[in-house]
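Trainee: Below is a structure I'd like to ask you about.
Any read-out appearing in this document is the output of simple, stated calculations on the displayed coordinates, not a laboratory observation. Keep in mind it's a predicted model, so treat the numbers as computed, not measured. Because the Cβ atoms are built from the backbone with ideal geometry, glycine has one as well, and the counts that use them run over all protein chains shown.
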Amino acid sequence: MASGVQAYIDPIFEAIDKVYASEQKRIAEFQTKSVLHEGIHEYLNVMCNKNGLRVDIYELFDWDSRKPDTKIPNFTEGVTLQQVQDEWMPVIRERIETLFKSEKFSSMFFRYRLEFHLEVVLEKKSSHFTFSLLNEDKRQHLLASIQQFVEQKLNPSSKAVPKEKDDFFFVRHLLDPHLYPIDAERVGDLLDRMDAKVKVSRNREEAWRHQLNGDLKRWAEDEFLARYADREKSYGLDYTVKPDIRPSDIPAPAMEMFLLTAMRVGSTDADARQKYLEIASQLGSEQAAQWLKSGSGSIPALYTSERVTCKANDILQTLEVHIRSEEEESYREALVYVCDILQKGFTKEYRLKLKSKVKNILPVPKLAKSTLHRFFANALEYPALYPLLAEYADIVMEEFKWYNDVEPGEKSAMPGTYAVMGLGLKGTDYFPLVIRYMKLVDTEHQSVQDGYAAVFAEAHGLTRDTIPVWTTILLAGNQSAKPLKSSGIESVEQAQVLVEELEKLEEYDKELLVYRIWGGEKKLKSSLKQADPVVKALLASLIP
């Protein structure tokens, strides 16, 4: 090899050796936590320009500047692309392969495959050279480990439950095209098995779903969309199909896997599901077009009678209700239908289009005057429907979820809001439901409940039975909630019950309630000047 070439190759490998030595020291004491973890490093990138070079062992973000961290003035001066191709790359490949096969590294240092990238910047223009290396013995060993994992951990007849630390590696291997050919049916079957296994607890199930959905999205974006669509930005779901792509260009297994991905991620990200299916439809998928038009088929999409027609599309998260006859039975039929589809997997974060001549609205400030709100306000006109409305609320209430009847913002409401608030104003039977709602609501990101306490007190008065509910409502206020215009605490009994309730609370919540009711300790003290002596004595105990 010419000495001139050696002058470039040696600095590159000195930098690689330095990085690998540091990694080897870290990995030498590494103890794998998953039987599916066969190695760590699978990527190596070298960037060279006139100022020097840089080595990265993890893929960089698009916006990374890739400046040299090993300074070598005039490093690429006089170098041509032909020299890099003909003289650099054969030597680099040989030496990288030697490192890849070297026994001086621990068994966990490399994965079964290593991808090498060389970026050379000449005359302000970047050129890329790449190759990949494969350790077939390690690949076969990994395949055997995966098969054993499936047989032992995912056997439906076994009580074994995969550990959370296995989730990342299991999904990564399933979606790795260098391990398995694309097969949506096989992947779907194994994911279904895993779904069944992790139902041991909600936390375990959510951890699995979070890991799976993240990896599926990465597969969709890196392996599928990158080939067939252009991204308008470096983030988000703004994709447009490449103009030169024809449906016949897309292998059927790839499209089937993309459709499976869309449906899977839709359980927690319906916007991504809809966008993926829209792209698939534009790429010629009749299945995607059908789902967008009529839904997935997993729920009854249509209910119709002489009184009412209901249509639901779980892909678009939409529900349409046409009330033909304004009567109790019409709303009963609609509510039964909605409860049914919710129990069969319809999203709780739906939006509703209502066709009705009646336009009732709950007397609660801040609530959006949406058609969804109006539907429940209309149904609340029929006392016989209260148990069904409560059943609906029990099904649909969930923390950190919001109806899609308005744009995300100050009018956003947790599913069940309109039914619960309406029932809470109608009678005492639904006070426990109101309390459960208020303890569940996300007080950091929702504020429509802030005005409910005053409306509740006006509807029921403040008594021994209502004050515990009232204080729970006040505590559920948003961080920006303002104090009540009037405390409403005037009698001895009211004061006594309120003090009893506050004694059950932590100091922070006590201070919060004093603020929400009176505007703070100073204003409470001021308000007591004209109060009944017994009331004054009771409430004075709230002032430190």
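Trainee: Which loop trypsin sites (Lys or Arg not before Pro) in region 77-135, with loop taken from DSSP, have no more than 11 other Cβ atoms within 10 angstrom of their Cβ? Walk me through the numbers before you get to the answer.
Mentor: Details: sites: Arg93, Arg95, Lys101, Lys104, Arg111, Arg113, Lys124, Lys125; in loops: Lys104, Lys124.
Those satisfying the criteria are Lys104, Lys124.
Trainee: Please label the shape of region 139-294 as rounded, prolate or oblate, based on the square roots a ≥ b ≥ c of the eigenvalues of the alpha-carbon gyration tensor (a/c under 1.5 means rounded; beyond that, a/b larger than b/c means prolate, else oblate).
Mentor: It is prolate, given that a/c is not under 1.5 and a/b is the larger ratio.
Trainee: Return the ratio Rg/(2.2 N^0.38 Å) for region 35-144, where Rg is computed over Cα atoms only.
Mentor: Scaled against compact globular proteins, the figure is 1.20.
Trainee: Using a basic spin-label model with each label point 7 Å from the Cα along Cα→Cβ, how many nm lie between Ser102 and Glu500?
Mentor: 7.7
Trainee: A further question follows. With a ≥ b ≥ c taken as the square roots of the eigenvalues of the C-alpha gyration tensor of region 83-202, please select rounded if a/c is under 1.5 and otherwise prolate if a/b is larger than b/c or oblate if it is not?
Mentor: prolate
Trainee: Would you please give the residues with an amide H less than 5 Å from that of Phe131, counting only those at least 5 places away or on a separate chain, with H modeled from the backbone geometry?
Mentor: Phe116
Trainee: For region 198-293, which GluC sites (Glu not before Pro) pass both filters: DSSP loop (anything but H, G, I, E, B) and at most 12 other C-beta atoms within 10 Å?
Mentor: Glu232
Trainee: Once phi is turned into ³J(HN,Hα) by the Karplus curve 6.51 cos²θ - 1.76 cosθ + 1.60 with θ = phi - 60°, what whole-Hz value does each residue of region 321-328 show in order, with x for glycine and proline?
Mentor: 10, 10, 8, 7, 10, 6, 8, 3
Trainee: Using the alpha-carbon atoms, what tilt in degrees (0 to 90, nearest 10) does helix 507-518 show relative to the longest principal axis of the chain?
Mentor: Its long axis makes an angle of about 50 degrees.
Trainee: Of Lys275/Lys359; Lys33/Lys101; Lys25/Lys165; Lys104/Lys153; Lys197/Lys348; Lys485/Lys510, which sit over 26 Å apart, Cα to Cα? Don't skip to the end; give the middle numbers.
Mentor: Working: Lys275/Lys359 34 Å; Lys33/Lys101 24 Å; Lys25/Lys165 23 Å; Lys104/Lys153 34 Å; Lys197/Lys348 24 Å; Lys485/Lys510 19 Å.
Where the Cα-Cα span goes over 26 Å, the pairs concerned are Lys275/Lys359; Lys104/Lys153.
Trainee: Same structure, new question: What order do you get for Trp219, Trp88 when you list them from fewest to most C-beta neighbours inside 10 Å?
Mentor: Going from least to most buried by this count: Trp88, Trp219.
Trainee: Excluding Leu539 itself, what net charge comes from residues whose Cβ is under 15 Å from its Cβ, given Lys and Arg +1 and Asp and Glu -1? Don't skip to the answer; put the middle values down first.
Mentor: Values: positive: Lys510, Arg516, Lys522, Lys523, Lys525, Lys529, Lys536; negative: Glu490, Glu493, Glu500, Glu501, Glu503, Glu511, Glu521, Asp532.
That works out to -1.
Trainee: Cut-off under 17 Å on the C-alpha distance; same-chain residues fewer than 8 positions from Lys125 excluded. Which lysines are left, in chain and number order?
Mentor: Leaving aside lysines fewer than 8 places away in the same chain, those within reach of Lys125 are Lys50, Lys67.
Trainee: Next question. I'd like the Karplus ³J(HN,Hα) series for region 241-247: coefficients 6.51, -1.76, 1.60, θ = phi - 60°, whole numbers in Hz, and an x wherever there's a Gly or Pro.
Mentor: 4, 4, x, 8, 8, 10, x
Trainee: If one computes the Cα centroid of region 1-60 and of region 72-121, what distance in Å separates the two points?
Mentor: If we compute the Cα centre of each part, the gap is 9 Å.
Trainee: Would you mind giving the three semi-axes, in whole Å and largest first, of the ellipsoid equivalent to the chain according to its Cα gyration tensor?
Mentor: Taking √(5λ) for each Cα gyration eigenvalue gives 59, 32, 23 Å.
Trainee: Step through the residues of region 454-460 one at a time and calculate ³J(HN,Hα) from phi using the Karplus curve (6.51 cos²θ - 1.76 cosθ + 1.60, θ = phi - 60°), rounding each to whole Hz and writing x for Gly and Pro.
Mentor: Karplus-based 3J(HN,Hα) across region 454-460 equals 5, 5, 4, 5, 5, 6, 10 Hz.
Trainee: For the chain, what does the relative contact order come out to in percent, with C-alpha contacts under 8 Å and a separation of six or more? Don't skip to the answer; put the middle values down first.
Mentor: Working: 723 pairs, mean separation 34.3, N = 544.
After rounding, I find 6 percent.
Trainee: Counting other Cβ atoms within 10 Å, keep those with at most 11, restrict to DSSP loop, and tell me which chymotrypsin sites (Phe, Trp or Tyr not before Pro) in region 345-406 are left. Spell out each step's value before the answer.
Mentor: Details: sites: Phe346, Tyr350, Phe375, Phe376, Tyr392, Phe400, Trp402, Tyr403; in loops: Phe346, Tyr350, Phe400, Trp402, Tyr403.
Passing sites in region 345-406 are Phe400.
Trainee: In degrees from 0 to 90, rounded to the nearest 10, what is the angle of the helix 202-219 Cα long axis to the longest principal axis of the chain?
Mentor: The two axes meet at around 50 degrees.
Trainee: Nearest 10 degrees, 0 to 90: what angle lies between the long axis of helix 184-197 and the longest principal axis of the chain (Cα atoms)?
Mentor: So the inclination is approximately 50 degrees.
Trainee: Same structure, new question: Can you give me the C-alpha center-to-center distance between region 390-438 and region 485-544, rounded to a whole angstrom?
Mentor: 28
Trainee: Here is a follow-up. What number comes out for the charge environment of Glu38, summing +1 per Lys or Arg and -1 per Asp or Glu over other residues with Cβ under 15 Å away?
Mentor: That sum, taken over residues with Cβ under 15 Å, equals +2.
Trainee: What is the set of long-range amide H partners of Tyr43 at a cut-off below 5 Å, with H atoms built 1.01 Å from backbone N?
Mentor: Glu115
Trainee: Translational D (Stokes-Einstein, µm²/s) of region 302-427 at 20 °C and 1.002 mPa s when Rh comes from the Kirkwood sum over C-alpha pairs? Don't skip to the end; give the middle numbers.
Mentor: On the way: Rh = 14.4 Å.
Translational D for this selection: 149 µm²/s.
Trainee: I would also like to ask the following. I need the fraction of alpha carbon pairs in region 448-544 separated by more than 15 Å, rounded to a whole percent.
Mentor: Percentage above 15 Å: 57.
Trainee: On to the next question. Under a cut-off of 16 Å between alpha-carbon atoms, report the aspartates and glutamates in cross-link reach of Lys523, not counting same-chain residues fewer than 8 places apart.
Mentor: List returned: Glu490, Glu511.
Trainee: How charged is the neighbourhood of Ser107? Take every other residue with its Cβ under 12 Å from the Cβ of Ser107, and add Lys/Arg as +1 and Asp/Glu as -1.
Mentor: Charge balance near Ser107 sits at 0.
Trainee: Can you list the lysines whose alpha carbon is less than 17 Å from that of Lys504, not counting same-chain residues fewer than 8 positions off?
Mentor: The qualifying lysines are Lys439.
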